[in-house]
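Structure record follows, encoded as structure tokens.
The values are calculated or read from the model by the stated rules, or taken from the named source; none is laboratory data. Since the structure is predicted, the reported quantities are computational estimates derived from the model, not experimental observations. When we count neighbours, we look across all protein chains shown, and the Cβ atoms used for this are built from the backbone with ideal geometry, even at glycine.
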Amino acid sequence: MDSSHLATLVRVAEKGSFVAAANDLGITATAVAQRIRALESEIGVGLVARSGRTVRLTEAGHAVMARSREVLRQISELRTAALGGEIVGELRVGAIATALTGLFPQVLERLTERHSGLDLYLEPGTSAGLYDRVVSGALDVAALVRPSFDMPKAMSFHLWRREKLVLLVAADDRRTDVAAILRTSPFIRYDRRQWGGRLAASFLDAIGIAPKERFELDALDAIAMIVARGLGVSLVPDWAGPWPDGVRRLTLPEPAPVRELGFLQLGNSPRTHLVRVLMESAWAVEPPPHRAETGGGAASSG
């Protein structure tokens with residue numbers, strides 16, 4: 001059985017269409033269809049069913065899909081083990097949006113220059129979603145906000161960046177009194193379901209201010225654009241950028257909440273040496289406050 005056929009089935013299931021899977025795999029939709037037909041012929045049962053432009057798995061397809069990811073991972077681990085410490089192979093990396101846009105372009109540039117044999121698959125997501133993906137083994141490592149709960153001992157969190165919360169205001173807003181601004185301005189809330197958003201909520205509770213909430217969003221770049229248009233103010237992490245024109249960041253009174261960004265991975269992975277290469281490249285782009293590594297146990301807020 002050709003492992004590329006299994007990989008194609010997985011991608012079709014994730015993307016919901018042959019065209020989207022083809023774009024992701026860098027092949028034609030016809031080639032995707034041929035691979036699926038070949039897999040169906042070998043297994044002897046239909047695996048997908050078309051419905052307009054979308055594709056869904058059949059009952060048999062779901063059964064095959066349930067095993068395919070593990071088979072593909074085992075094949076990849078065999079290749080990695082055979083290559084030993086050589087920096088070659090696939091690494092599945094997750095990252096929150098601000099890390100993808102503000103930090104990863106430089107990291108990927110450095111990795112491409114130094115380790116051309118390393119094949120990275122990047123998956124965006126929220127910290128909570130990426131945490132679950134690492135725990136399940138679907139991702140090898142993820143750049144996310146440090147969990148505020150105790151992690152299993154098998155998990156390791158490697159600090160990369162500390163980001164204090166700041167008050168974001170429009171560039172033409174010349175006020176400087178943080179408390180007065182929060183009391184009197186429309187407030188664009190960073191989604192409280194996000195780990196970073198809970199820091200802002202805790203800060204407001206601590207200073208006893210209930211702002212006049214206008215919107216609640218989970219996208220920091222969208223929040224910044226709304227603030228730039230003068231529609232309100234917001235409490236957000238001082239992320240690596242890029243920041244839109246038209247905003248100004250005000251320092252919060254101490255102790256200002258801090259969002260900690262770092263790399264989460266499972267221990268004892270055959271790709272540990274590849275994860276280490278990724279982290280070293282990230283630290284070269286932006287050195288961490290210190291090279292602290294924490295496993296399971298108590299964790300700071302994030």
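Quick notes
- Taken as a whole, region 181-191 holds no residue that is under 30 Å from residue 10 (Cα atoms) and at pLDDT below 95.
- Complete set of residues in region 1-60 that are farther than 18 Å from residue 90 by Cα and either charged (D, E, K, R) or in contact with a Pro (Cβ under 8 Å, 6 or more places away or on another chain) (or both): 14, 15, 35, 37, 40, 42, 50, 53, 56, 59
- Counted residues, region 109-152 - those being farther than 24 Å from residue 66 by Cβ, touching a residue at least 12 places away in the same chain (Cβ under 8 Å) and more than 15 Å from the chain's Cα centre (by Cα): 11
- Residue that is nearest to residue 61 (Cα to Cα) [pool: residues in region 10-25 that are touching a Ser or Thr at 6+ places or on another chain (Cβ under 6 Å) and assigned to a helix (DSSP H, G or I)]: 10
- Just one of (1) under 23 Å from the mean Cα position of the chain (by Cα); (2) at pLDDT 85 or above; (3) assigned to a helix (DSSP H, G or I); (4) crowded, with 17+ Cβ neighbours inside 10 Å fails for residue 76. It is (2).
- Failed criterion for residue 64 (all others in (1) modelled with pLDDT of 90 or more; (2) in a helix (DSSP H, G or I); (3) of a type outside the set (Asp, Glu) hold): (1)
- Of all residues in region 233-243, one or more are surrounded by fewer than 16 Cβ atoms within 10 Å (Cβ to Cβ) and under 21 Å from the mean Cα position of the chain (by Cα).
- In region 20-52, residue farthest from the chain's Cα centre (by Cα) [restricted to those that are surrounded by fewer than 13 Cβ atoms within 10 Å (Cβ to Cβ) and among the hydroxyl-bearing types (Ser, Thr, Tyr)]: 41
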